[in-house]
Amino acid sequence: MDRRTRICLLIILIGLANFLIYALLYVFIGGEAINGSIQTTADGTTTYLLLRPGGETVAVSRGTFIYSGMHSISIWVTVGAVMLSMLTLAKERIASSMRSAIIRGRTIITILATIITMI
């Protein structure tokens, strides 16, 4: 196994582990901060609310709220990295199977990588 393949497989495993940890903590914490809210009451206390799947909210600490928000954002980065790694691993097969197509395989790979990076 060459170095590129090992790196791509490592990125895929890290991305899958990140998603698994996110899913487990989502269930354990009871929601996510991206769609949650921060409310300040009249007496000046701040409440951090996570949004649950049913539309309910649950109050959490500031640290939990920040962690949930950062982990939710990191999912998109790791999904993109996993997709680019899988595309890198499949690059040779895609290029060799599309030699006689209207658009050549290398062009398709470049287009897909650009779309993944931009999204």
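Quick one: would you say Ala59 is of a type outside the set (Val, Ile, Thr), touching a Leu at 6+ places or on another chain (Cβ under 7 Å) and either surrounded by 10 or more Cβ atoms within 10 Å (Cβ to Cβ) or under 30 Å from Ile11 (Cβ atoms) (or both)? Spell out the reasoning first.
Working: of a type outside the set (Val, Ile, Thr): yes; touching a Leu at 6+ places or on another chain (Cβ under 7 Å): yes; either surrounded by 10 or more Cβ atoms within 10 Å (Cβ to Cβ) or under 30 Å from Ile11 (Cβ atoms) (or both): yes.
Yes, satisfied.
So is Leu24 at pLDDT 90 or above and either of a type in the set (A, V, I, L, M) or closer than 24 Å to Ile116 by Cα (or both) or not?
Numbers: at pLDDT 90 or above: yes; either of a type in the set (A, V, I, L, M) or closer than 24 Å to Ile116 by Cα (or both): yes.
It is true that Leu24 is at pLDDT 90 or above and either of a type in the set (A, V, I, L, M) or closer than 24 Å to Ile116 by Cα (or both).
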Single condition Ala17 does not satisfy, out of (1) under 24 Å from Ser85 (Cα atoms); (2) touching a Phe, Trp or Tyr at 6+ places or on another chain (Cβ under 7 Å): (2)
Near pairs, Cβ below 8 angstrom, 6+ apart or cross-chain, from the stretch 30-46 (among the small types (Gly, Ala, Ser)) to any residue that is assigned to a loop (DSSP other than H, G, I, E, B) and surrounded by fewer than 17 Cβ atoms within 10 Å (Cβ to Cβ): Gly30/Arg52; Gly31/Arg52; Gly31/Pro53
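Quick check: anything in the stretch 111-118 modelled with pLDDT of 90 or more, part of a helix (DSSP H, G or I), out of contact with any Lys or Arg (no Cβ under 6 Å at 6 or more places or on another chain) and among the hydroxyl-bearing types (Ser, Thr, Tyr)?
As a first pass, look at the stretch 111-118 and keep what is modelled with pLDDT of 90 or more: none.
Checked the stretch 111-118: no residue is modelled with pLDDT of 90 or more, part of a helix (DSSP H, G or I), out of contact with any Lys or Arg (no Cβ under 6 Å at 6 or more places or on another chain) and among the hydroxyl-bearing types (Ser, Thr, Tyr).
For residues that are out of contact with any Leu (no Cβ under 7 Å at 6 or more places or on another chain) and surrounded by 11 or more Cβ atoms within 10 Å (Cβ to Cβ), tally how many sit in the stretch 103-119.
As a first pass, look at the stretch 103-119 and keep what is out of contact with any Leu (no Cβ under 7 Å at 6 or more places or on another chain): 103-108, 110-111, 114-115, 117-119.
In the following step, the residues that additionally are surrounded by 11 or more Cβ atoms within 10 Å (Cβ to Cβ) were identified as 104-108, 110-111.
Selection size over the stretch 103-119: 7.
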Some residue of the stretch 85-107 being touching a Gly at 6+ places or on another chain (Cβ under 7 Å), closer than 30 Å to Tyr26 by Cα and at pLDDT 85 or above: no
Tyr22 being without any contact (Cβ under 8 Å) to a residue 60 or more places away in the chain, touching a strand residue (DSSP E or B) at 6+ places or on another chain (Cβ under 8 Å) and surrounded by 14 or more Cβ atoms within 10 Å (Cβ to Cβ): no
Unmet criterion (only one of (1) at pLDDT 90 or above; (2) surrounded by 14 or more Cβ atoms within 10 Å (Cβ to Cβ)) for Met70: (2)
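The values are calculated or read from the model by the stated rules, or taken from the named source; none is laboratory data. Computed from a predicted model, the values in this text were never measured in an experiment. A quick note on method: Cβ atoms are made from the backbone with ideal geometry, for glycine too, and the neighbour counts reach across all protein chains shown.
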